[in-house]
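Working notes for the structure below.
The values are calculated or read from the model by the stated rules, or taken from the named source; none is laboratory data. On a predicted model such as this, the values are computed, not experimentally measured, just so you know. Here Cβ is always computed from backbone atoms with ideal geometry, including for glycine, and neighbour counts include all displayed protein chains. Protein only, heavy atoms only, side chains kept; ligands, DNA and RNA dropped before computing areas. Shrake-Rupley method; radii C 1.70, N 1.55, O 1.52, S 1.80 Å.
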Amino acid sequence: LEGFYVAKLVQMLAEGSPKEKFDRAASVLTNVCRHPAGRRNFLEPSRKLVRATLQSLAPSASETRRVGVAAALRNCCADTPSCESLLKTVGSGNAAAVAAEASVAGFANVGASGATEGGLEVVRALLAPVSGGRDGTGVGKERCDAVRQSCAEAVGCLADCESGRAALVQCDAPRLMRLGYEDEDHGETIEAMETAAEKFLRFGMVPAEMQPKDGLRRVEVVDEGEDEVEEIQGGPRPLMTPDVD
């Protein structure tokens, strides 16, 4: 019965009409994915539920939907078995396609991801909101702080497992996160991105030319009434070394 109810919830989210009447299903899905049994049912590849929810993370979806689905996907990265199931998501094309290894510096240190085409689609969907609208899709910057924070936290959790790290490298996560970090002004999102970046560096996911010479510099956002002041701890802000033209 658990699987039936999760499937019906996703069906309402994906197919319910008019759409605005079913926006709250995304918030329910967040809570469902807090529990191991809920995650197992949602992530079962044969049920194709993850793929059905990705459209609700698109910029054209309501903010309620984007917030709920982003948080649900973050919850699905809570442990290694869940991360591995997420990376086996059925894709829009050949669901059995296995990701080819990326020919980028550092990939040999994190191994092959074994992610399906759909799994990589999920990773790209999580990276898009934290790339500052510079992921090449042309959809623009995600304006909701909660969505960006959940996606950054999900990326950090994926970096805790080997298959997740490999999939992140294949999807160019270090570069995209650096681009988004340059313009990020939300304190909790900044913290989540810095936590992810520390893992990127620790596990050899960052090409040598992108690694900061003096290590990672954390930014503390201090709230002073209506104004927020960024205090830079120990040096300049860059998360990772920017490209030099």
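Leaving out ligands, DNA and RNA, what percent of the accessible area of the stretch 129-199 is carbon and sulfur, probe 1.4 Å? Before the final figure, lay out each step's value.
Values: 900 of 2280 Å².
Whole-percent figure for carbon plus sulfur exposure: 39.
What does the stretch 1-67 give for Rg and for Dmax, in Å, if only its C-alpha atoms count?
11.1, 33
Just the accessible area per residue of the stretch 1-80, please: how many Å² with a 1.4 Å probe? Show your work: numbers first, answer last.
Numbers: 4130 Å² over 80 residues.
Accessible surface, normalised per residue, equals 52 Å².
Tell me the net charge near LYS141. Cut-off is 12 Å between Cβ atoms, LYS141 excluded, with +1 for each Lys or Arg and -1 for each Asp or Glu.
Working: positive: ARG134, ARG143, ARG148; negative: ASP135, GLU142, ASP145, GLU182, ASP183, GLU184, ASP185.
Here the charged neighbours net out to -4.
Going by average Cβ density within 10 Å per residue, which order do the peptides 159-168, 182-191, 197-206, 66-75 take, highest to lowest? Spell out each step's value before the answer.
Working: 159-168: 23.7, 182-191: 17.4, 197-206: 20.2, 66-75: 26.0.
Highest-to-lowest ranking by the protection proxy: 66-75, 159-168, 197-206, 182-191.
On the principal axes of its Cα set, how long, how wide and how thick is the stretch 140-185? Give whole Å, largest value first.
Largest to smallest, the principal-axis extents are 30, 19, 15 Å.
Which loop trypsin sites (Lys or Arg not before Pro) in the stretch 1-33, with loop taken from DSSP, have no more than 15 other Cβ atoms within 10 angstrom of their Cβ?
Numbers: sites: LYS8, LYS19, LYS21, ARG24; in loops: ARG24.
Those that pass, being in a loop and sparsely packed, are ARG24.
With the Cα gyration tensor of the stretch 111-168 in hand, convert its eigenvalues to equivalent ellipsoid semi-axes via √(5λ) and list them largest first in whole Å. Before the final figure, lay out each step's value.
Numbers: eigenvalues 90, 35, 12 Å².
Ellipsoid half-lengths, sorted descending, are 21, 13, 8 Å.
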